[in-house]
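The values are calculated or read from the model by the stated rules, or taken from the named source; none is laboratory data. Fair warning: this is a prediction, and the values are worked out from it, not measured in the lab. Note that each Cβ is placed from the backbone with ideal geometry, even for glycine, and that neighbours are counted across all protein chains shown.
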Amino acid sequence: MALASISPPGNSGTDGRFSSAEAQRRIVIVGFLVVPLLLLTVFSLYPFFQLIWFSMTDWDGMSPDKAFVGLQNYERIFFEDASILKPMINSLYYFAGSFIQLALATYFAVILSRGLPGSNVFRLILFLPFVLNSVAVSIIFRDFLQLDGGLDSLLTTLGVGHWSQEWVQDPDLVKWSLVFASVWRYLGFQLLITYGALQSVPQDQYEAARIEGASEWQQFWHITFPSIRMILGLQLILATVGSLEVFDVPFLITGGANGTKTFIMAAIEEAFEFRRVGMASAMSIILVVIVMVAVTLQRLAMTGKRS
Amino acid sequence: MNMPRAFRRMTPIRLAWTLFHYAALLLACLLVISPLLIAFFSSFKTPIEMLRGEKMDLPVDWGNLDNYIAFFTDQKIGLAFYNTMFVLLFALAMTILVGTMAAYVIDRFRFRGRSVILFLYVIVMAVPMITTQISTYEVMQFLGLIGSKWALILLFGGADVVSLYVFIQFLQSINREIDESARIEGASYWQIYWKVILPLLVPAISTIVILRTIYIYNDFILPYLYTPRVEQSTVSILLYRASDMMSASSEAVLMAGIVIVIAPSVIAFFLLQKQIVSGVMRGAVKG
């Protein structure tokens, strides 16, 4: 592997002391890299290339032989069985949700960074869900969203009980309910990152803008936004990737019922329940390709805008 | 504090906006807190209260620990916590050792193959971990590690590229002259790593410890795939199995279990809030 290509640099000395230093240098390079590269190869790289190979077989995950079927799995996904790609649509909801989340997180980060009294407490509360166990919060949400559950009770307490809905039973609403659960979980995390970026915006610029009578919106648009644009772009990439690999929230809250299955859930199910590893691998590869294309496009757009 | 003066200086429009911002913040906090509070309240309620009362009602008797006792007796909770700690400690140790060693060599040495190695890490970073689990599972099966905590330790501890990047980035900010002067004083590379670099990396290490602890303690998909039985698995699977087995009538018992699982996180969060907040801010951006 890559290790074999490690060799001494051109300037190895001739006297004894120098070459023993050179030997030591080589021992350290090889010794410190063997384990990390072994782990990287065995648990990340090899599985990735194996996945490409699996995707061109009809393997069932158990039998010793895997028959090569070429691009048959991909043909089935794209041209023959439209139901396989259908869960991909659900990713669009999470994608839309991630825009809402980014907008909310930026809004809250901006107003919190002005040092309103109590802003520390607000920040902590909004961030809290991020540190909690995934299964625990999903079960909490399953109960929160059920008929006559916590959300309906909360609305009644606030005097708007008539707003109650069939949050998870209604097939149109359930997708947004799950998006809400996901925003609930990650909003504070995103807020914190944006908040961190805002700390580096020089305060005297706001002071100067205020003296000139700039409105809050003008201040945001001309001072704040340009200085956090990179971070927002980065978060958009993370959000895109994130919305394609949503698993926990639908899996644990609805179990994928009522049309909430995501593409990655379908792929995992295909592999581990129906034992159609070939097909599942093809689905995974499609996902990887989409992620890579999305990341590349957004990177290009970001660097384009910067120059 | 100059806030009161700030308020006084405000024009009516600006004051209205400030009130609007506060209302938005309060609403958001209410939505964040209420599901958690309801779960907490429910864990102290009797079956009758659960059936008849509103979810938002406070429990009648805060001393009612029946649900907690039921969860403790029915579930292998001690074992699940032991497993979680076992996985967490070994995975963290592995992440730190593997990550700092690789980062030290990659940042401080120039050797043939270095750019190839960096390129491999970039590839791995671009491929979402969850997508390759189908074939990683076959590797684990080959190694005979399905159902073993070591499968989790290897994946949590060994396959994390973000940590490596955080370490490399931090190393770049440490002046190389420190290495060189230690070298002149006769220290070996190993001593430089162990006595100079590692202590200087402590802030980066604590960032990674915080981020990885949050991730490992809360993750579901890896334990679900590799250690599906509670006996070998983490608290995530304990709750998952419990929620599968329990009927709707024992919902309050399940809520007690949830409180038990998230209590350590909540307590640690409030005790270490400063470190966690700055750790996330430092680490996440580099991902």
Legend entry - Qualifying position, being surrounded by fewer than 22 Cβ atoms within 10 Å (Cβ to Cβ), in contact (Cβ under 8 Å) with a residue 24 or more places away in the chain and more than 22 Å from the chain's Cα centre (by Cα), among B:59, B:47: B:47
Legend entry - Some residue of segment A:290-302 being of a type in the set (A, V, I, L, M, F, W, C) and assigned to a loop (DSSP other than H, G, I, E, B): no
Inset, instruction - Inspect segment A:158-168 for any residue being in contact (Cβ under 8 Å) with a residue 24 or more places away in the chain, surrounded by 15 or more Cβ atoms within 10 Å (Cβ to Cβ) and assigned by TED's automatic domain parsing to the domain that holds residue A:257 and give the result as yes or no. - result: yes
Inset, instruction - Restricting attention to segment A:188-219, report how many residues are among the aromatic types (Phe, Trp, Tyr), at pLDDT below 85 and surrounded by 10 or more Cβ atoms within 10 Å (Cβ to Cβ). - result: 1
Inset, instruction - Considering (1) part of a helix (DSSP H, G or I); (2) within 21 Å of residue B:224 (Cα to Cα), say which one residue A:256 fails and leave the rest. - result: (1)
Legend entry - Matching helices (runs of 4 or more DSSP H) fully within segment B:47-135 where at least 2 residues are modelled with pLDDT of 90 or more and either of a type outside the set (Lys, Arg) or over 30 Å from residue B:253 (Cβ atoms) (or both): B:66-74, B:77-108, B:114-126
Legend entry - Test for residue A:227: is it hydroxyl-bearing (Ser, Thr, Tyr), surrounded by fewer than 16 Cβ atoms within 10 Å (Cβ to Cβ) and touching a Leu at 6+ places or on another chain (Cβ under 9 Å): yes
Legend entry - Among the residues listed as A:98, A:113, the single one being under 23 Å from residue A:250 (Cβ atoms) and assigned by TED's automatic domain parsing to the domain that holds residue A:242: A:98
Inset, instruction - Please indicate, with yes or no, whether at least one residue in segment A:128-150 is facing another protein chain (nearest Cβ under 8 Å) and closer than 24 Å to residue A:220 by Cα. - result: no
Legend entry - Residue check, residue A:71 surrounded by 21 or more Cβ atoms within 10 Å (Cβ to Cβ), closer than 26 Å to residue B:130 by Cβ and either at the interface with chain B (Cβ under 8 Å from one of its Cβ atoms) or free of Cβ contacts under 8 Å to residues at least 24 places away in the same chain (or both): no
Inset, instruction - Please determine, by comparing only the residues of segment A:233-266 that are of a type in the set (A, V, I, L, M, F, W, C) and farther than 25 Å from residue A:289 by Cβ, which one is farthest from the chain's Cα centre (by Cα). - result: A:257
Legend entry - From the options B:113, B:144, residue that is at positive phi, more than 7 Å from chain A (Cβ to nearest Cβ) and over 23 Å from the mean Cα position of the chain (by Cα): B:144
Inset, instruction - Within segment A:229-246, identify whether any single residue is in a loop (DSSP other than H, G, I, E, B), within 10 Å of chain B (Cβ to nearest Cβ) and under 20 Å from residue A:137 (Cβ atoms), and answer yes or no. - result: yes
Legend entry - Verdict on residue B:277 being surrounded by fewer than 16 Cβ atoms within 10 Å (Cβ to Cβ), within 10 Å of chain A (Cβ to nearest Cβ) and part of a helix (DSSP H, G or I): no
Inset, instruction - Mind listing whichever residues of segment B:227-241 are crowded, with 19+ Cβ neighbours inside 10 Å, within 11 Å of chain A (Cβ to nearest Cβ) and either in contact with a Lys or Arg (Cβ under 7 Å, 6 or more places away or on another chain) or in a helix (DSSP H, G or I) (or both)? - result: B:235, B:236, B:237, B:238, B:239, B:240
Inset, instruction - Select from segment B:242-261 the residues that are at the interface with another protein chain (Cβ under 10 Å from one of its Cβ atoms) and touching a residue at least 40 places away in the same chain (Cβ under 8 Å) and write down the one among them that is farthest from residue A:143 (Cα to Cα). - result: B:260
Legend entry - Sole residue being within 30 Å of residue B:208 (Cβ to Cβ) and surrounded by 15 or more Cβ atoms within 10 Å (Cβ to Cβ), chosen from B:18, B:95: B:95
Legend entry - Which listed residue is away from chain A (no Cβ under 11 Å) and crowded, with 21+ Cβ neighbours inside 10 Å, from B:184, B:208, B:178, B:174: B:208
